[in-house]
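First the structure, in the form of structure tokens, and then the observations on it.
What follows is calculated from the coordinates using simple rules that are stated; it is not laboratory data. Values in this document were obtained by computation on a predicted structure and should not be read as measured data. Note that each Cβ is placed from the backbone with ideal geometry, even for glycine, and that neighbours are counted across all protein chains shown.
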Amino acid sequence: MKCFFCGEENEIVLENHHLVPRRLNEAMFPKSAAKTIALCRNCHRKLHHILNPLIGNYIKITKVSEVNVKKPERVKWQRATQKFLSALTELEENMGSVPKEKLFSVLGPKVEGVETEKVMESLLREGAIYMPRMGFLRKT
């Protein structure tokens, strides 16, 4: 066995690093075996120094048996925007300017948990889409 990062082979300094934190592994995957990699003490400390703040921002453990993984709002918003633009592009290929009602009927009232109307307003403000005439949308 040797360190995954630096290649250190001295087994006295090697430690197991859990790829999924132990508290999460027990709560989310109770029947699965713990997945680990071998790291020397120095690489293990460096890795935790980098990962712990990131994990702390995105994962909130309410109980050992109950895990609530929070998606950052920005990621949700980006997915909603991408989905909106993809649907608009697809409809635009077939009909040119897309009636707002047609696009909203395809997407529904919410896109990725975000109100479709808010996504549209944001894209209009950014200039990513425009209204060539009232009630119709196009990409810029």
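Odds and ends about this structure:
- Likely footprinting exposure, LEU91, LEU124, LEU103, fewest C-beta neighbours within 10 Å first: LEU124, LEU91, LEU103
- Order of LEU47, LEU14, LEU19, LEU39 under a 10 Å beta carbon neighbour criterion, fewest first: LEU19, LEU47, LEU14, LEU39
- Neighbour-count order for SER122, SER86, fewest beta carbons within 10 angstrom listed first: SER86, SER122
- Based on C-alpha pairs under 8 angstrom that are at least 6 apart in sequence, segment 73-139 has a relative contact order of 40 percent.
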